[in-house]
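J.: What follows is a structure written as structure tokens; I'll ask about it next.
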Amino acid sequence: MVISAASANVTGQRPPRWRDTREWLERVDGIGQLRTVRGVDWERGIGEVAELLDHAEGSPAVLFDEVPGYPAGHRVLVNSNGTPQRQAVTLGLPEAMATHEGLFAFWRSVLDELRPIPPVEIDTGPVLENVLEGDAVDLNAFPVPVWHPQDGGRFIGTASLNIVRDPDSDWVNVGTYRNQIFDRDAMGMYISPGKHGLLVRQRYLERGRRCPVVVVVGADPLLFMAACAEGIAYGQGELDWAGGVRGAAVEVVRGRHTGLPIPANAEIAIEGWMDPDERHEEGPYGEWMGYYASGAGRTPVIRVAAIYHRHQPILLGCPQGKPPHEDNRFLAYLKSALVEQQLRGAGVPGVAGVWLPPEAGTRMMTIVAVDQAYPGHATQALHVAGQVGASAYGGRMVVAVDPDVDIYRIDDVLWAMLTRVDPERDVSVVRRAWSGPLDPAIHPDQRGFNSRLLVDATRPWEWRDRFSDPVVTPEMARAARQRWGWILDPGAPDPGTPDAGTRADPRT
């Protein structure tokens, strides 16, 4: 749903901390986390740099300019939300909350209190600075990279907002799917089975109707977060949801051809239609599990009616690949908080925490800490945690642990799995779960379903009071770090030396 500016009432909501991608870039540059790199080629170089950034902890956001063959100012931004510090900028948080604990606190609070704010339609916006229609339409006018060596072409949409409206209601769905360029005025829209955008598209095409669509390939980083969140309720508009997170309505303009809402501050938006009969070979593409898993297939074609873009437009990229990659790093907090909320909403008590590790692609492994209160409690948590909206697609393993296990440290989780699990007693398998064509572990002719390993790594309920005591408890580890942590800081003097100044002695 979109409301007019005149009827919007967002009084009392906190204002957005930045207006658009360009102000976001200024903020990120101000904290020293932006690099501008010139002269890198789109055929190979940009993709190689993006891969390098994905697998280097703390790497900067990179803005590519002066791409050979393109005008200066036609830019590509990658790794936008790859660190907690940049996520804090995106979410409008103070620097003190740019931590693991701060981001979790934010998402838990926001999700518990979220009040969606519908977007507000305005007459004009920066995205309308250039409107290209008819013969002027050319998707190759932007420096779209070949992200991976064996990709089937240039994918303009890797951090895209694919906007469709349900034909039977006013629900506007926004999802991140992959968009390959086929021609100057034609592109694809690959969607995995079960995704909301696919269900909406099917309703048009099965009725023999063209499906209207807008693909924003230069969105601001917060809208990108919303579009790829997964777990947002079916029928809930992502633009409304993003407005609730930001505390202010997303301003939109109306597409000239489809009437769909387009974020007014977007850098690049592509408007068109998908015909029920037209298909095109699509892919392959280096996907989120780290493989060219889906191969070439046929997908509906978006015939472009108009391209809207700002002067000196910025293409937002988030190529997939071997985890962890950028979206794993920022979705870990949002999706973990969503699963935690959905677990409690399903009536599972005693949930001490949930973590979807970036190293597992924030899908393939769900870890839940549960304070057991009755027989079968851990089993209940395992089954529900693996099938709520934010975790059901593409999973591989769900692990339940006791609250004394640090779920954010994979070595601690492995310790629990290897010392509290007897495979015959504590491991079970769920069959025929929701997967899709991107799963490399399933035979190419049988993809669609997969199985899930459920691992109960809690102390056995029946004799939990007789289970061996650990050598080190979390309380002991915290006390030791508080007392002796200064030793781990190479620049910290011994608190007992005269040059330690007024530093408090942690040994007292």
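J.: Which ones in region 301-337 are open to solvent by 10 Å² or more (accessible area, probe 1.4 Å) and assigned to a strand (DSSP E or B)?
T.: Arg303, Val304, Ala305, His309
J.: Then there is this: So is Pro444 of a type outside the set (Phe, Trp, Tyr) and open to solvent by 70 Å² or more (accessible area, probe 1.4 Å) or not? Please lay out each step first, then the result.
T.: Working: of a type outside the set (Phe, Trp, Tyr): yes; open to solvent by 70 Å² or more (accessible area, probe 1.4 Å): yes.
So Pro444 fits the description; yes.
J.: Can you spot a residue in region 448-457 that is outside any helix (DSSP H, G or I), free of Cβ contacts under 8 Å to residues at least 24 places away in the same chain, within 21 Å of Thr366 (Cβ to Cβ) and among the hydroxyl-bearing types (Ser, Thr, Tyr)?
T.: yes
J.: Look at Asp112 and say whether it is assigned to a helix (DSSP H, G or I), touching a residue at least 60 places away in the same chain (Cβ under 8 Å) and loosely packed, with under 14 Cβ neighbours inside 10 Å.
T.: Yes.
J.: Those residues that are of a type in the set (A, V, I, L, M) and in contact with a strand residue (DSSP E or B) (Cβ under 6 Å, 6 or more places away or on another chain), I need them from region 389-412; list them, please. Even if it seems obvious, please write down each step before you answer.
T.: Kept after step one, since they are of a type in the set (A, V, I, L, M), are these residues of region 389-412: 390, 392, 397-401, 405, 407, 410.
Within region 389-412, Ala392, Met397, Val398, Val399, Ala400, Val401, Ile407 qualify.
J.: Something else: Do we have any residue at all in region 421-433 that's of a type in the set (D, E, K, R) and in contact (Cβ under 8 Å) with a residue 40 or more places away in the chain?
T.: The answer is no, given that none of the residues of region 421-433 is of a type in the set (D, E, K, R) and in contact (Cβ under 8 Å) with a residue 40 or more places away in the chain.
J.: Counting only residues that are of a type in the set (Gly, Ala, Ser) and modelled with pLDDT of 95 or more, which one in region 1-45 is surrounded by the most Cβ atoms within 10 Å (Cβ to Cβ)?
T.: Of everything passing the filter in region 1-45, Gly45 is surrounded by the most Cβ atoms within 10 Å (Cβ to Cβ).
J.: Name the strands (runs of 3 or more DSSP E) wholly inside region 117-222 in which the number of residues that are touching a residue at least 12 places away in the same chain (Cβ under 8 Å), open to solvent by less than 40 Å² (accessible area, probe 1.4 Å) and within 27 Å of Thr90 (Cβ to Cβ) is 3 or more.
T.: In region 117-222, the matching strands (runs of 3 or more DSSP E) lie at 155-157, 161-165, 172-175, 211-216.
J.: Can you pull out every residue in region 478-502 that is open to solvent by less than 100 Å² (accessible area, probe 1.4 Å) and either farther than 27 Å from Asp406 by Cα or at pLDDT below 90 (or both)?
T.: Within region 478-502, Asp489, Gly491, Ala492, Pro493, Asp494, Pro495, Gly496, Thr497, Ala500, Gly501 meet the criteria.
J.: Could you tell me whether region 412-419 includes any residue that is touching a residue at least 40 places away in the same chain (Cβ under 8 Å) and either touching a Lys or Arg at 6+ places or on another chain (Cβ under 8 Å) or open to solvent by 50 Å² or more (accessible area, probe 1.4 Å) (or both)?
T.: Scanning region 412-419 turns up no residue that is touching a residue at least 40 places away in the same chain (Cβ under 8 Å) and either touching a Lys or Arg at 6+ places or on another chain (Cβ under 8 Å) or open to solvent by 50 Å² or more (accessible area, probe 1.4 Å) (or both).
J.: Ser468 fails exactly one of the following numbered conditions: (1) touching a residue at least 40 places away in the same chain (Cβ under 8 Å); (2) open to solvent by 40 Å² or more (accessible area, probe 1.4 Å). What is the number of that condition?
T.: All conditions are met except number (1).
J.: Okay, moving on. I'd like the full set of residues that are part of a loop (DSSP other than H, G, I, E, B) and either within 27 Å of Tyr204 (Cβ to Cβ) or open to solvent by less than 30 Å² (accessible area, probe 1.4 Å) (or both), limited to region 288-300. Let's see the steps before the verdict.
T.: Within region 288-300, the subset part of a loop (DSSP other than H, G, I, E, B) is 288-296.
The answer is Trp288, Met289, Ala293, Ser294, Gly295, Ala296.
J.: Within the set of pairs 6+ apart or on separate chains, which have a first residue in region 236-263 that is on the phi > 0 side of the Ramachandran plot, a second that is among the charged types (D, E, K, R), and C-beta atoms under 7 Å apart?
T.: If the second residue must be among the charged types (D, E, K, R), the pairs left are Gly247/Arg14.
J.: Which members of region 364-395 meet the condition of being more than 13 Å from Ala457 (Cα to Cα) and open to solvent by 70 Å² or more (accessible area, probe 1.4 Å)?
T.: Result: Tyr374, Pro375, His383, Gln387.
J.: Return yes or no: is Glu359 open to solvent by 10 Å² or more (accessible area, probe 1.4 Å), among the acidic types (Asp, Glu) and over 22 Å from the mean Cα position of the chain (by Cα)?
T.: When the stated conditions are applied, Glu359 does not pass them.
J.: OK, next. Can you list residue pairs whose Cβ atoms sit under 8 Å apart, with the first residue in region 28-41 being touching a residue at least 12 places away in the same chain (Cβ under 8 Å) and the second being open to solvent by 60 Å² or more (accessible area, probe 1.4 Å)? Count only pairs 6 or more apart in sequence or on different chains.
T.: Ile31/Gln85; Ile31/Glu95; Gln33/Gln85; Arg38/Glu66; Gly39/Glu66; Gly39/Pro68; Asp41/Pro68
J.: Suppose we filter Ala352, Ala381 for residues that are among the aliphatic types (A, V, I, L, M), more than 20 Å from the chain's Cα centre (by Cα) and over 19 Å from Ala433 (Cα atoms); which single one remains? Full working, then the answer.
T.: Numbers: Ala381 fails: over 19 Å from Ala433 (Cα atoms).
That would be Ala352, the only listed residue that is among the aliphatic types (A, V, I, L, M), more than 20 Å from the chain's Cα centre (by Cα) and over 19 Å from Ala433 (Cα atoms).
J.: Could you look through region 273-287, keep only residues that are under 25 Å from the mean Cα position of the chain (by Cα) and buried (at least 21 other Cβ atoms within 10 Å of the Cβ), and pick out the one that is farthest from Tyr204 (Cα to Cα)?
T.: Going through region 273-287, the residues under 25 Å from the mean Cα position of the chain (by Cα) turn out to be 282-287.
Keeping just the survivors that are buried (at least 21 other Cβ atoms within 10 Å of the Cβ) gives 282-283, 285-287.
On the way: Glu282: 21, Gly283: 24, Tyr285: 26, Gly286: 29, Glu287: 27 Å.
The residue in question is Gly286.
The values are calculated or read from the model by the stated rules, or taken from the named source; none is laboratory data. It should be emphasised that the depicted structure is a prediction, and the values quoted were computed from it without experimental measurement. Reconstructed Cβ throughout: ideal geometry from the backbone, glycine too, with neighbour counts over all protein chains shown. What goes into the accessible areas is simple: the full protein's heavy atoms, side chains included, and nothing from ligands, DNA or RNA. Shrake-Rupley method; radii C 1.70, N 1.55, O 1.52, S 1.80 Å.
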